[in-house]
Structures are given as C-alpha cells and as structure tokens.
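Worksheet: one structure, shown below.
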Amino acid sequence: MRRIRNQILRALKSGPKTFWELINEQDAYIAGFYHTLQSLMDEGTVGYENHRFFLKEDPGVREKIETLCSTCGLGVEIKGFFQEAYEKFLYVTEDRPLPLEDYDQGFIRPIDTIRRMAFIYQRGDLEGAEIFILGDDDLLSVAMGLTGMAQRITVVEIDPRLTYFIEHFCKKWGIGNITVKQYNVLEELPKEALGKYDVFVTDPVETHRGFKLFVGRCLSALKGPESSGYIGLTHREASLKKWAEFQRFFLDSGLVVTDILRNMTTYPEEENKFEHFYETYEIMGKMDLPIPEVDWYKSSFLRVEVIEPIKVQVPQVKDFQELYFDEESWATPGQRKGRS
C-alpha cells in the first residue's frame, strides 16, 4: 500500500522506532501494518535490530512534518512548513477570481485550504501521489503546487478564469506537476483521465443526482482499491437523510468513509462578496432576513477509500437546473429566478 508505506518511511526518517511507536505513525490495521513492514524489510529498505526498526537506505520521502494539533492531539494545526506554505498561498492568490453565480461558486478561507492540504498530507495522500481535482475555486492545486510534494496534479474546471489563473501561477512560479483542463461535469471524462489517479478531491453540488455525478466522475479517474477521495459536504443544504443516501452510494460504489471532520471549512462572506447571491436564495424568500453579519456557511471534510473494485455509478443529469437544484437547495444562487 503506497500511502502506508510512505507513512512508515517518513516516520523512520527521524530515527529508529519500536513497533509500538511506529504503529501510531500510520493508518493501517495491525495485520496490514505488519505485512507492509515485512515487505519493506524483505526489500532491504528497513532493518530491525534491538527491537527497533530503522532505515537502511534513503527512501526518497521527506521526514514527517507534524500537523496534529499540539493542544488536543487530534485536529490540524498549521505551523512550520505548512505555515510557510500558507503565507505564500496568501500572496499568490491575492488577485484570485471572485465566485460566479452561474457555477454556484464560493471559496473557503485560505487557511482552510491549507488545513485541508495538511490533513491530506497527514493521511499519506499528498507526497508522491497522483491527484485529480474536480472543480478548484478553492485553489487547492495552487497550495499543493507550492509544496512540491505531489507527483502530479490534474485539475478539471469549468470556469476559464480559474483555469487561466492556475496556468498563469504555474508559469510564474515554475510549477511543472500541475495540468489544467477546462471541463463540464455533464460531459464524460476524457479517456486519458480514466483509472490514472491515486487520490481525488472535490466539493460537489449537494443535490441528489448532482452529488453522485461529481463523485462518480472522480471515481472514474481512480486506479482502484487503496485509492482515496476527499469530499466537501455541508449540513446546510444536505439533510441527514441525504447524508444517509450518499453513504449508501459510497458503499454501493466500493468505498468506505474513513474520516469526517465536521465543519472543518468556512466560506467567508466578505472575501467572496456573496451579497448579490442572496437576491435569489430560496431562504430569503421564506423570511424577511438581512444579509448575514457572520460567516455561517460551513463544510465538513470527508475522506473515503476504495476497498474493492470500483462500481462507477454516474447518473444522467440533463442540464444545470437539475444539477444545482433540489428541495434542499435553499442557499444556492439562482433558485428563485430559475436557470436556463
């Protein structure tokens, strides 16, 4: 398993460790951990002496960067390497495109983009990985590009302003591992993207069919068992019944949910300049409400992993109206005036 192997190797970069120390540095169950360790010893990369495992050669990965919260030991804390990445990210995204109503866009706080990336790194899904991103108004690809960790990143994005922004960033900063393609999720994925990636990341629309369309496209891009995916999903426009429906969809597709970080990310009102979006929000027609004075729209971050051959399920969605709207889309722009 690529990511468990990398988690073990990066932990050993800081020095020898016992079995019990090392098991805390990786995500596999005991038997899987044992077999990965045994494989590393059989190939001569790891040695075992005096009850400690050690590196016998340079494994070609960086020493583990600590991202766990120093207070609770559970959450993500941005410090050191990722703090430097955050500061660079703020600088290079100063003139990022603002959200468009037509694509139901909105970006999360920059610090949350870095926190997501740090969590993906924690799980062993960043360094050396081939990553597929469907929709990137959060500019996660830019943040990842600044680290130089991923083997390659492919972004498929409908908005030409964002594809241009990411391409321009790559040219200016000499980033060679990011490819950007303009793409409409209603269309089939290009053949060259099918079955080629270790990891996907997407913030899908949360309608019944739209969510499954987004995730289904991403699943088509994965290599198969042991590949993983990261999904933003809210409790604002997705009821628990809908969450249950999506979890059944995961299981039926050959996936298991491994992590849920509730309300990990926030969509900042001021930076997104959402004011005009509210004119067509369904909720604004239900009550006499002012424009929000606080950041209220939050998203949880899910990790899923493929545990058996993928059963790709891509529903037919005829147009953007069906893609973006259902009975729970109360904070999606354009609902009250309709779309063509």
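Here are the numbers for this structure:
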{"read-out": "Hey, ASP295 under 25 Å from ASN263 (Cβ atoms), surrounded by fewer than 17 Cβ atoms within 10 Å (Cβ to Cβ) and in contact (Cβ under 8 Å) with a residue 24 or more places away in the chain or not", "value": "yes"}
{"read-out": "GLU43 more than 30 Å from GLU279 (Cα to Cα) and either at pLDDT 95 or above or touching a His at 6+ places or on another chain (Cβ under 9 Å) (or both)", "value": "yes"}
{"read-out": "Top-ranked residue in region 113-150 [being part of a helix (DSSP H, G or I), in contact with a strand residue (DSSP E or B) (Cβ under 7 Å, 6 or more places away or on another chain) and free of Cβ contacts under 8 Å to residues at least 40 places away in the same chain; ranked as farthest from PHE301 (Cα to Cα)]", "value": "GLY145"}
{"read-out": "Criterion (over 25 Å from LEU302 (Cβ atoms) and among the acidic types (Asp, Glu)) met by exactly one of GLU66, GLU21", "value": "GLU21"}
{"read-out": "Filter result for the condition that a residue is assigned by TED's automatic domain parsing to the domain that holds PHE132 and free of Cβ contacts under 8 Å to residues at least 60 places away in the same chain, over ASP288, ASP319", "value": "ASP288"}
{"read-out": "Residue match in region 164-181 (condition: of a type outside the set (A, V, I, L, M), surrounded by 22 or more Cβ atoms within 10 Å (Cβ to Cβ) and free of Cβ contacts under 8 Å to residues at least 40 places away in the same chain)", "value": "no"}
{"read-out": "Residue match in region 118-138 (condition: farther than 21 Å from ASP27 by Cβ and of a type in the set (S, T, N, Q))", "value": "no"}
{"read-out": "Scope region 113-138; condition on the phi > 0 side of the Ramachandran plot and either surrounded by fewer than 24 Cβ atoms within 10 Å (Cβ to Cβ) or in contact with a helix residue (DSSP H, G or I) (Cβ under 6 Å, 6 or more places away or on another chain) (or both); matching residues", "value": "GLY124, GLY128"}
{"read-out": "Index of the failed condition, ALA143 passing every other in (1) in contact with a helix residue (DSSP H, G or I) (Cβ under 6 Å, 6 or more places away or on another chain); (2) under 27 Å from ILE307 (Cα atoms)", "value": "(2)"}
{"read-out": "Scope region 87-112; condition in contact with a strand residue (DSSP E or B) (Cβ under 8 Å, 6 or more places away or on another chain) and surrounded by 18 or more Cβ atoms within 10 Å (Cβ to Cβ); matching residues", "value": "ILE108, ASP112"}
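Quick grid of which residues meet (1) among the basic types (Lys, Arg); (2) surrounded by fewer than 19 Cβ atoms within 10 Å (Cβ to Cβ):
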{"residue": "ASN6", "(1), (2)": "no, no"}
{"residue": "LYS13", "(1), (2)": "yes, yes"}
{"residue": "LYS17", "(1), (2)": "yes, yes"}
{"residue": "GLN26", "(1), (2)": "no, no"}
{"residue": "TYR29", "(1), (2)": "no, yes"}
{"residue": "GLU49", "(1), (2)": "no, yes"}
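Matching residues to (1) closer than 20 Å to GLY210 by Cβ; (2) among the basic types (Lys, Arg); (3) under 21 Å from the mean Cα position of the chain (by Cα); (4) part of a loop (DSSP other than H, G, I, E, B):
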| position | (1), (2), (3), (4) |
| --- | --- |
| ASP259 | no, no, yes, no |
| MET264 | no, no, yes, no |
| GLU270 | no, no, no, no |
| PHE277 | yes, no, no, no |
| ILE283 | yes, no, no, no |
| GLU293 | no, no, no, yes |
| LEU302 | yes, no, yes, no |
| VAL314 | yes, no, yes, yes |
| LYS318 | yes, yes, no, yes |
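The values are calculated or read from the model by the stated rules, or taken from the named source; none is laboratory data. What you are looking at is a predicted structure, and each value in this text was computed from that prediction instead of being measured. A quick note on method: Cβ atoms are made from the backbone with ideal geometry, for glycine too, and the neighbour counts reach across all protein chains shown.
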